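The values are calculated or read from the model by the stated rules, or taken from the named source; none is laboratory data. Predicted model, so just to flag it, every value in this text is computed and none were measured. All Cβ positions, even for glycine, are placed from backbone atoms using ideal geometry, and neighbour counts span all protein chains on display. Side chains are part of the model used for accessible areas, which takes the heavy atoms of the whole protein and leaves out ligands, DNA and RNA. Shrake-Rupley method; radii C 1.70, N 1.55, O 1.52, S 1.80 Å.
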Amino acid sequence: MDQSNGKTRPDPDALLQLAARERRGKLTIFLGMAPGVGKTFAMLDRARALKAKGTDVVVGLVETHGRDDTAALAEGIETLPRLGGQENYGELDLDAALVRRPHLLIVDELAHSNPEGARHPKRYQDIAELVDAGIDVWTALNIQHLESLSDLVARIAGVPVRETVPDVVLKNADEVVLVDLPPAELIERLKAGKVYLGDNASRALEGFFKPATLTALRELSLRRAANRVDDQMVDILRQGAIEGPWASGERLLVCIGPDEMSEQVVREASRLATGLNAHWIVLSLSQSHGLPPSGAVSDRLEATLQLAERLGAETRREAAPDFVEAILKTARRENATQIVIGRSTRGAFWRRSLPDALLRQSGDVNVHFVAVRRPGARLVWPRKRRPAEWMLALAAPVLAVSATTALGLGLSALVALQNLSMLYLAAVLLSAVVAGRLSALIASLLSFLAYNLFFIEPAGRLTVARPDEVLSLAIFVAVALAAGQLAARLRLSIDRSLQQTRQAQALLDFARKLSGAFGQEEVVEAMASHLHGALGRPAVVLAVAEANELTLAAAWPPDQQLDDTAMVAARWAADKREAAGFLTGTLPQVTYFFRPVLSGQRVLAVVGLGMRHEDGTLSEREQRTLNALIEQSAIALDRARLARESAKASVALESEKVQAALLSSLSHDLRTPLASITGAVTSLRELGQRMPEATRADLLASIEEEAVRLNRFVGNLFEMTRIEAGMVKARHTPVDVSGVVNAAVDRAKRLHPGLVVEVSLADALPPAEGDGTLLEQVLVNLLDNAQKYGGGMPASVYARREGGEVIISVTDEGKGIPEGELERIFDKFYRRARGDGRPAGTGLGLAIARGLITAMGGTIRAESPAVRRRGTRFVIRLPRSEEAK
């Protein structure tokens, strides 16, 4: 709650949570202590009351277990057909429920496990999808199915709990309705056959339905419901800016490792956090100088962390040389009020106890110990060695000590006895570096025996004659053990550093490859190949199309294809922005593990890794590698996306410029001749015969001239449209260049009577291959351009042969064109100012010229300056006709 400026305001986080809930459906859980208390009956009874008031209520799935009164309540309420077509044993049809989309849907047995092949392995995940779709859902749950309580219930009732629901499902429910019944009444209902039928009721009385068991379960359900009410009350107070007093903010830091007792620690901590209404963090520590744990140990640790997340904890991973210091530092940073840690009831007396050391240094932070209840549980699981590693660990110290002994015997006559012990230290260090800590320990023991047997009097016996040699021997053993430990630790640090260096180098190589990739296609190809190389698994990358459709964009190996089920999992990963597929909560039977590639709230792509059930899930190292590669890929894909959007924006901007130029050209080149024609016609109509004959002739000539000009403008527009549409089909026949040039000059002079053109044609000019009509039009356009920009100076046309080409050039002596605009003048509607500062023409003549020359298989370019450091020359190159070769 914010009290800045002396005013109390609602808690922003509470308001955000409230707003998020308003956009989704509401989940109501009917919670009971055991089967038979009446959860389903209460749901249906309330549902009938709502239906009577006009609410759209549908039964998705209800298990009556043969109870007639419960089945009677379901009659008259619309019920969806079950998958499998069996009225009492089919499964919930999730897709049918989403299509039907009622206001309220009843789905019984929240903890139910779906059959293999379903979209989700658990029913609570189906219900989560329904709630996200905006459908209100009512469901039922027995207290023993809560994951944090399953082990406790198993100890109380002596019956294992096979189906569980994460605690966060109950915590995030919008409403929890407690359905309670005294144990004595429940037992009476059981005896009357209202819970189970026949022999099932007798077996239940002998097992689960004992008074003591039911009383304990009832206490658990009442406590959990009371905690839920407290949470709701605090939320209401925060949303309404109502001051407390509230419960103090307890924060738990739970420390776990890769041992088998960590699961018990997490469950105990979850129950403690629930009772205290506390935020809790699960911290996994590993040695910074050691190698990563083996596959089995890593999988167990990963499973424990996933369990903690399902129970509502925040998880952290850290590597540190000193566990006590790291735990206390994290506790201070997170403002933890209690540290929860497991404590084994048995252990080696020489080993330093982490819980005891933590208790001594914890200061004002409380330490909560969880005792091991399972026999044989251990805090430390050593990494399993392969047979080759065992051989090396045994052979290295034997060979090193044997070689050292042989060398010492050979040098004993030359070197003092005290210096020979240094050789054995070297053997211990060598064994530690080569084969690790165990080898160093074996080498220390063998060195002690060899040194005593061969070099300390009396030789050949494991005895010591002089007291001072006992001290020397003890110091030697201590130094050897310490040196071996340090050398082994150094070796592990080097191995880990090499491993981290290889990972960093792989990421660097990937970053370099992505930085050189241009466009989305190259990026996704690099992603697929590098994911395959880094993780050793088949990899696919699915790109997000314009309509948010996924398409397989890259795969490595390239022959991979995704079936319909895999594509559904990939789309789920993209839509929900979460992992899907192999051993996840969505379509776990799919053999691909899909992860979305996100940039903010935007899904850029989906990556998939081919998995095998015998390999299990990704290890911690593989997950870190995958996360790093996905983050790098997101940056590259975002860059490619921005490049595409920038290109589209440039095209749109250019299109706007063309449209603006077109409108400007139309407004000038259409209005000007139309205004002249309109003015002349008006004058002729109003004055008629009163106007002198010469004046009437001038007006008629003006009308004719402006009409020709207007016709030429419309013709240019039509010709440009034909060129862009690909409708211009140029002929490729021999063209008499001399005749075409002379005809074009005559047309230009008729259009511009004052135009002076100098023509120079080479002797024996061969015919060009092209279209004579189109070539004449090009030359007319170029001469028209020379008249507009030539400054009244003569234009010139030259034609000659050069190799296998015929070259035609048109030159004017105007101001010329800057070098940076020599290509732009061929763009549509691009116009340069004339000598009077006004743009001339429509800006289509040169664009049409280039289009026609290109259609004939030739080229045209502009050169400036052309004559005496001024003017512009247009050079046309056409291939010589085959008949002239």
Subset of segment 862-885 (residues that are within 20 Å of Thr773 (Cα to Cα) and not in a helix (DSSP H, G or I)) | Phe874, Val875, Ile876, Arg877, Leu878, Pro879, Arg880, Ser881
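Per-residue answers, yes or no, for (1) open to solvent by 70 Å² or more (accessible area, probe 1.4 Å); (2) aliphatic (A, V, I, L, M); (3) over 20 Å from Ala526 (Cβ atoms); (4) touching a strand residue (DSSP E or B) at 6+ places or on another chain (Cβ under 6 Å):
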site: Leu550; (1), (2), (3), (4): no, yes, no, yes
site: Arg621; (1), (2), (3), (4): yes, no, yes, no
site: Leu626; (1), (2), (3), (4): no, yes, no, no
site: Ala634; (1), (2), (3), (4): no, yes, no, yes
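Let's see how each residue does on (1) among the hydrophobic types (A, V, I, L, M, F, W, C); (2) touching a Lys or Arg at 6+ places or on another chain (Cβ under 9 Å):
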residue: Trp556; (1), (2): yes, no
residue: Gln560; (1), (2): no, no
residue: Met567; (1), (2): yes, no
residue: Ala574; (1), (2): yes, no
residue: Gly585; (1), (2): no, yes
residue: Leu598; (1), (2): yes, yes
residue: Gly608; (1), (2): no, yes
Could you pull out the residue among Leu761, Leu765, Leu783 that is at pLDDT 85 or above and buried (at least 19 other Cβ atoms within 10 Å of the Cβ)?
-> Leu783
Inspect all residues belonging to segment 27-38 and state whether any of them is more than 29 Å from Glu188 (Cα to Cα), within 35 Å of the chain's Cα centre (by Cα) and at pLDDT 90 or above.
-> yes
Restricting to segment 24-43, what's the tally of residues that are part of a helix (DSSP H, G or I) and charged (D, E, K, R)?
-> 1
Among the residues of segment 116-128, is any buried (at least 20 other Cβ atoms within 10 Å of the Cβ), under 20 Å from Thr586 (Cβ atoms) and acidic (Asp, Glu)?
-> yes
Taking segment 790-813 as the region of interest, how many residues are of a type outside the set (Val, Ile, Thr), within 16 Å of Ile860 (Cβ to Cβ) and touching a Lys or Arg at 6+ places or on another chain (Cβ under 7 Å)?
-> 2
Val99 passes all but one of the listed conditions (1) within 35 Å of the chain's Cα centre (by Cα); (2) open to solvent by less than 30 Å² (accessible area, probe 1.4 Å); the exception is number (2)
Looking at this structure, is Ala660 open to solvent by 50 Å² or more (accessible area, probe 1.4 Å), of a type in the set (Gly, Ala, Ser) and either modelled with pLDDT of 85 or more or in a helix (DSSP H, G or I) (or both)?
-> yes
Looking at segment 259-274, which of its residues are open to solvent by 40 Å² or more (accessible area, probe 1.4 Å) and at pLDDT below 85?
-> Glu260
Count, please, the residues in segment 45-70 that happen to be open to solvent by 70 Å² or more (accessible area, probe 1.4 Å), in a helix (DSSP H, G or I) and free of Cβ contacts under 8 Å to residues at least 24 places away in the same chain.
-> 2
Within segment 423-437, the residues that are in contact with an Asp or Glu (Cβ under 9 Å, 6 or more places away or on another chain) and modelled with pLDDT of 70 or more are Ala435
Give the residues of segment 863-879 that are within 14 Å of Pro818 (Cα to Cα), without any contact (Cβ under 8 Å) to a residue 60 or more places away in the chain and either among the basic types (Lys, Arg) or surrounded by fewer than 19 Cβ atoms within 10 Å (Cβ to Cβ) (or both), sorted by residue number.
-> Glu863, Pro865, Arg869, Arg870
Are any residues in segment 738-758 of a type in the set (D, E, K, R) and either open to solvent by less than 20 Å² (accessible area, probe 1.4 Å) or over 12 Å from Ala795 (Cα atoms) (or both), and if so, which ones?
-> Asp746, Arg747, Arg750
Residue count, segment 146-163 (criterion: closer than 29 Å to Ala71 by Cβ, surrounded by fewer than 21 Cβ atoms within 10 Å (Cβ to Cβ) and of a type outside the set (Gly, Ala, Ser)) | 4
Taking only pairs six or more apart or across chains, which ones have beta-carbon atoms under 6 Å, a first residue in segment 266-295 that is of a type in the set (Gly, Ala, Ser), and a second residue that is part of a helix (DSSP H, G or I) and modelled with pLDDT under 80?
-> Gly290/Leu492
Restricting attention to segment 757-774, does a residue exist that is in contact with a helix residue (DSSP H, G or I) (Cβ under 7 Å, 6 or more places away or on another chain), among the aliphatic types (A, V, I, L, M) and part of a helix (DSSP H, G or I)?
-> yes
Pick from segment 575-600 the residues that are under 20 Å from Gln561 (Cα atoms) and free of Cβ contacts under 8 Å to residues at least 24 places away in the same chain: which of them is surrounded by the most Cβ atoms within 10 Å (Cβ to Cβ)?
-> Ala580
State which residue is nearest to the chain's Cα centre (by Cα) when the search covers only segment 390-422 and only residues that are in a helix (DSSP H, G or I) and modelled with pLDDT under 65.
-> Asn419
For segment 137-160, the count of residues that are among the charged types (D, E, K, R) and within 35 Å of the chain's Cα centre (by Cα) equals 1
May I ask you to list pairs of residues, at least six apart or on different chains, whose Cβ atoms are under 9 Å apart, with the first in segment 71-82 being outside any strand (DSSP E or B) and surrounded by fewer than 15 Cβ atoms within 10 Å (Cβ to Cβ) and the second being acidic (Asp, Glu) and at pLDDT 85 or above?
-> Pro81/Asp93
Restricting attention to segment 555-610, the residues that are more than 16 Å from the chain's Cα centre (by Cα), outside any loop (DSSP other than H, G, I, E, B) and not β-branched (Val, Ile, Thr) number exactly 6
Glu614 being within 23 Å of Gly533 (Cα to Cα) and part of a helix (DSSP H, G or I) = no
Answer yes if at least one residue in segment 382-389 is over 30 Å from Trp280 (Cβ atoms), at pLDDT 60 or above and open to solvent by less than 80 Å² (accessible area, probe 1.4 Å), and no otherwise.
-> yes
